[in-house]
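The values are calculated or read from the model by the stated rules, or taken from the named source; none is laboratory data. Quick caveat, the model's predicted, so the values are computed rather than measured. Every residue, glycine among them, receives a Cβ derived from its backbone with ideal geometry; neighbour counts consider all protein chains shown.
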Amino acid sequence: MQIQQTTLENGLRIITSERPQTETVSLGIWVNTGAAYETEDINGISHFIEHMVFKGTKKRNSLQISEEIENVGGQNNAYTSREFTAFYAKMLKNDVELSLDVIADFIMSPLFPEDEMVKEKEVVVQEIKQTFDTPDDIIFDYFQEKAFPNQPLGRAILGSAQKVRSFSADIMHKYMQSNYAAENTVVVAVGNLKHETFVNMVKSRMDSYRAKKTFTVEPQIYQGGFYAEKRDIEQAHVVLGFKGIEYSNLQYYPVSIFSTLFGGGMSSRLFQEIREKRGLVYTVYCFTNSHTGNGLYGIYAGTSGSELNKLLPVVADEIKKVVQEKVSPKELDRAKVQLKASMLMALESSSATAEVIARQMLLYNRVIPTQEIIDRVDAVSLEDVQKAAQMLFSTRPTYTLLGDIAGYPDYEKLQKYLQF
């Protein structure tokens with residue numbers, strides 16, 4: 001992955017990866033801000049701003065924003081996570097400047113018109129309700145809240161209906177003035193374009209972008225805990241988790257490899273034992289959520305209420321086995337290949353490559369060469385993986401359940417299951 005980088009006088013980093021053999025370009029603006037950087041009274045504002053920038057700027061109304069990119073066959077969208085907000089597009093190579101102009105407009109001159117705000121608040125409230133009505137979505141919000149209680153990292157990205165309805169244009173402009181700045185923003189483009197040409201396009205639109213952010217980041221402190229909610233639905237949804245690691249942790253690659261071999265695919269230990277051998281679930285998998293100051297490691301499963309009391313002891317037994325016994329060389333090699341293949345296949349997509357570049361720049365202030373990542377994965381040993389498992393499962397669990405959970409094992413019983 002060959003890249004070029006230019007930094008403007010205000011500190012804005014512009015990164016490109018040229019692919020002259022293609023006919024398209026993926027580009028975007030990524031900002032290192034999100035729900036984890038909001039105060040409690042404005043929880044959800046990062047996500048609401050992501051919606052509202054599409055509703056009008058000083059140059060365009062909402063219809064013009066949609067039409068200008070779609071008129072040339074392009075696609076644009078945005079997302080908000082706990083630590084990132086992104087605005088991105090993909091278009092034919094001759095329409096890069098048009099697409100950049102629209103997206104830069106979002107950052108530089110959003111209007112937040114009152115009539116559009118009234119409508120969009122109710123759209124987001126419907127999104128909040130939809131998430132609440134989707135058990136395998138909302139359970140992860142409950143899980144995050146119990147893992148990081150009473151702190152920004154534990155709050156929902158969408159916020160609450162009450163908070164969303166309280167936002168004003170003034171509050172949103174103040175948030176952007178505080179949290180949107182060149183030092184925590186990158187502009188990335190991947191595809192058929194020239195670096196210097198793209199830099200000039202960005203410079204002419206964003207050279208007046210404020211240089212410094214003014215918000216402060218609260219510590220991210222894992223605590224763990226328990227939440228159970230009975231609902232009249234057909235399944236019991238379970239998330240069991242532990243303290244994970246931050247992005248910069250040296251254990252990042254051993255933890256990623258362990259997660260893959262323990263619950264990352266159909267050949268993983270959990271899938272084979274719980275679904276294939278015992279038929280207790282339709283879905284079971286592991287996940288790692290790293291953040292800048294902390295992280296989570298978790299196991300999700302969806303089962304019937306009648307199988308819940310069988311499921312959790314089996315999960316606990318598999319945890320004990322992997323902590324007390326070394327994984328096999330075959331498992332380790334398979335997990336390494338899975339990780340490397342997944343990364344390399346993703347990098348064939350210009351959109352995914354732009355995402356990788358942006359996140360690495362915001363997290364590490366450099367783009368990590370692909371070969372360096374491969375070498376780090378290859379360097380992980382059996383001992384490294386076992387140490388990662390021991391580290392993860394030595395922490396206080398976070399245990400959340402939702403749905404048909406009558407007679408579920410409580411937090412105390414779960415802790416007994418996990419005793420070594």
Review point. Mind checking which residues of the range 117-140 are of a type outside the set (A, V, I, L, M, F, W, C), surrounded by fewer than 19 Cβ atoms within 10 Å (Cβ to Cβ) and closer than 20 Å to GLU67 by Cβ?
Key: LYS119
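Could you identify the single residue in ALA211, ALA182 that is in the same structural domain as GLU40 (by TED's automatic domain parsing) and either at pLDDT 95 or above or out of contact with any strand residue (DSSP E or B) (no Cβ under 6 Å at 6 or more places or on another chain) (or both)? I'd like the intermediate steps shown before the answer.
Details: ALA211 fails: in the same structural domain as GLU40 (by TED's automatic domain parsing).
Every option except ALA182 fails the conditions.
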Practice item. Being over 15 Å from SER351 (Cβ atoms), among the aliphatic types (A, V, I, L, M) and either assigned by TED's automatic domain parsing to the domain that holds PRO369 or in contact with a Ser or Thr (Cβ under 9 Å, 6 or more places away or on another chain) (or both) narrows it down to one of ALA36, ALA78, ALA86, so name that one. Key: ALA36
Check your understanding: If only one of ARG231, ARG269, ARG205 is modelled with pLDDT of 95 or more, surrounded by fewer than 18 Cβ atoms within 10 Å (Cβ to Cβ) and in contact with an Asp or Glu (Cβ under 9 Å, 6 or more places away or on another chain), which one is it?
Key -> ARG231
Check your understanding: Quick check, is ASN200 at pLDDT 95 or above and in contact with a Lys or Arg (Cβ under 6 Å, 6 or more places away or on another chain)?
Key -> no
Point to revise | Enumeration of residues in the range 387-416 that are of a type outside the set (A, V, I, L, M), outside any loop (DSSP other than H, G, I, E, B), crowded, with 19+ Cβ neighbours inside 10 Å and at negative phi | key: THR398, TYR399, THR400
Point to revise | Residues (of a type in the set (Ser, Thr, Tyr) and either surrounded by 22 or more Cβ atoms within 10 Å (Cβ to Cβ) or in the same structural domain as THR292 (by TED's automatic domain parsing) (or both)) located in the range 89-114 | key: SER99
Revision key, fill the gap. Among helices (runs of 4 or more DSSP H) entirely inside the range 288-371, those with 3 or more residues being surrounded by 15 or more Cβ atoms within 10 Å (Cβ to Cβ), β-branched (Val, Ile, Thr) and in contact with a helix residue (DSSP H, G or I) (Cβ under 8 Å, 6 or more places away or on another chain) are 308-324
**Study point:** Criterion violated by LEU250 - all others in (1) in contact with a helix residue (DSSP H, G or I) (Cβ under 9 Å, 6 or more places away or on another chain); (2) at pLDDT below 95; (3) over 26 Å from LYS416 (Cβ atoms) satisfied
**Key:** (1)
Review point. Which residues, taken from the range 376-411, are within 25 Å of ARG269 (Cα to Cα) and among the acidic types (Asp, Glu)?
Key: ASP378, GLU383, ASP384, ASP410
Review point. Hey, does the range 138-154 have a residue that's within 18 Å of SER351 (Cα to Cα) and more than 16 Å from the chain's Cα centre (by Cα)?
Key: no
Exercise for review: Look through the range 260-287, keep the residues that are under 20 Å from the mean Cα position of the chain (by Cα) and in a strand (DSSP E or B), and return whichever of them is farthest from THR395 (Cα to Cα).
Suggested key: VAL284
Review point. Within the bounds of the range 177-190, is there any residue that is in contact with a Pro (Cβ under 9 Å, 6 or more places away or on another chain) and surrounded by fewer than 20 Cβ atoms within 10 Å (Cβ to Cβ)?
Key: no
Point to revise | Any chance TYR285 is modelled with pLDDT of 95 or more and under 27 Å from PRO369 (Cα atoms) | key: no
Practice item. Test each condition in (1) farther than 13 Å from VAL322 by Cβ; (2) under 20 Å from the mean Cα position of the chain (by Cα); (3) assigned to a helix (DSSP H, G or I) for ILE257 and report the one that comes out false. Key: (1)
Practice item. Sort out which residues of the range 17-54 are part of a helix (DSSP H, G or I), within 19 Å of the chain's Cα centre (by Cα) and farther than 26 Å from LYS203 by Cβ, and write them in order of number. Key: ALA35, ALA36, TYR37, ILE45, SER46, HIS47, PHE48, HIS51
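Quick grid of which residues meet (1) β-branched (Val, Ile, Thr); (2) free of Cβ contacts under 8 Å to residues at least 40 places away in the same chain; (3) surrounded by fewer than 24 Cβ atoms within 10 Å (Cβ to Cβ):
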{"residue": "GLY11", "(1), (2), (3)": "no, no, yes"}
{"residue": "ILE42", "(1), (2), (3)": "yes, no, yes"}
{"residue": "THR57", "(1), (2), (3)": "yes, no, yes"}
{"residue": "GLN75", "(1), (2), (3)": "no, yes, yes"}
